[in-house]
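Undergrad: One structure follows; several queries about it will come next.
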Amino acid sequence: MAGSAERVVMLREASTEQAKPEPAKVEIDAVRKVFQTSRGEVVALNDTSLRIANNEFICVVGPSGCGKTTLLNILAGLDVPTSGEVRIDGASIHGPSSERGVVFQQYALFPWLTVRQNVEFGLKLKKVGKGERRSIAKKYIESVGLKDFADAYPKELSGGMKQRVAIARAYAVNPQLLLLDEPFGALDAQTRTQLQVELLHTWEQEQKTCFFITHDVEEAVLLASRVVVMSARPGRIKAIVPIDLAYPRTQETRMSKEFHDIKNEIWSLVYQEYLDAKK
């Protein structure tokens, strides 16, 4: 028999269009991305459409090679779609912008700059005055728990601390959209758990629109207001699952039956795509 969880997922998929958040902050409209390789054309994304509301936290999961990072790079303006369009507040994306902050799995900090100087870097490019730069950097350094390390250099920090700096730097320029590509993927479990909670706390305070890529279904359920499940390549959106769990969320949230039910629903969708990707 089709279990209740399966029926819930089917209903959620069927109601995706009716449940579009309004107004849309981000519109991904029929995006297709084709790469030319020595083996011929590789279709990374195919007919991918998504609407993201202002201040919404979207997590994207799916098998390796399904186009998650390609989609993030298009949103960041680091790549362009072969066809289709991406708009923010109704305006098409043309190249990178400080309106879109990006946090990668690799920390990408400048090793010759201190924590404070790294966080101030984007503000300096925006011609923000020295005093205001210092004030903004102080706020976000403290928000990620690095008050005592403002004058430290990256080589003096742990992996988790470096990622905190990267997140503080992204928030400091006050982006309209925050893009995170598996930012906690290289961290140990304890540090990862701590940063998940800290990221949620910062997001609730700052209310930024977030687009977060992860391979960890549990992480996605903990963080997201909706989880987007991508299919095996060529990537497309297989399902969008709303996460009906109240914020603020903590580690206790993981213990609830509702959390586990949603996690199992999403994992069944993702696992089927892993199997399909192997065929």
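The values are calculated or read from the model by the stated rules, or taken from the named source; none is laboratory data. Bear in mind that the values here come from a model prediction, so they are computed numbers and not experimental data. We place every Cβ from the backbone using ideal geometry, glycine too, and count neighbours over all the protein chains shown.
Undergrad: Select from the stretch 85-122 the residues that are aromatic (F, W, Y) and under 15 Å from L180 (Cα atoms) and list them in ascending order.
TA: Selection gives F104, Y107.
Undergrad: Which of the residues belonging to the stretch 105-124 are assigned to a loop (DSSP other than H, G, I, E, B) and crowded, with 17+ Cβ neighbours inside 10 Å?
TA: We begin by selecting, within the stretch 105-124, every residue assigned to a loop (DSSP other than H, G, I, E, B); these are 105-114.
Passing the criteria: Q105, Y107, L109, T114.
Undergrad: State which residue is surrounded by the fewest Cβ atoms within 10 Å (Cβ to Cβ) when the search covers only the stretch 71-98 and only residues that are among the polar types (S, T, N, Q) and assigned to a loop (DSSP other than H, G, I, E, B).
TA: S98
Undergrad: Follow-up. Restricting attention to the stretch 204-224, and to residues there that are out of contact with any Cys (no Cβ under 6 Å at 6 or more places or on another chain) and part of a helix (DSSP H, G or I), which single residue is surrounded by the fewest Cβ atoms within 10 Å (Cβ to Cβ)?
TA: Q205
Undergrad: Could you list, in sequence order, all residues of the stretch 169-198 that are more than 16 Å from T214 (Cα to Cα) and under 12 Å from the mean Cα position of the chain (by Cα)?
TA: L177
Undergrad: Do you know which residues across the stretch 129-175 are among the charged types (D, E, K, R) and closer than 20 Å to W112 by Cβ?
TA: Passing the criteria: K130, R133, R134, D151, K155, E156, K162, R164, R169.
Undergrad: Which is in contact with a strand residue (DSSP E or B) (Cβ under 7 Å, 6 or more places away or on another chain) and either in a loop (DSSP other than H, G, I, E, B) or surrounded by fewer than 19 Cβ atoms within 10 Å (Cβ to Cβ) (or both), of P248, P183?
TA: From the options P248, P183, the qualifying one is P183.
Undergrad: Quick check, is T114 at pLDDT 95 or above and among the β-branched types (V, I, T)?
TA: Yes; evaluated as a whole, the condition is true for this residue.
Undergrad: Can you list residue pairs whose Cβ atoms sit under 6 Å apart, with the first residue in the stretch 245-260 being farther than 13 Å from L199 by Cβ and the second being of a type in the set (F, W, Y)? Count only pairs 6 or more apart in sequence or on different chains.
TA: T253/F259
Undergrad: Mind checking which residues of the stretch 125-138 are touching a residue at least 12 places away in the same chain (Cβ under 8 Å), assigned to a helix (DSSP H, G or I) and basic (K, R)?
TA: Passing the criteria: R133, R134, K138.
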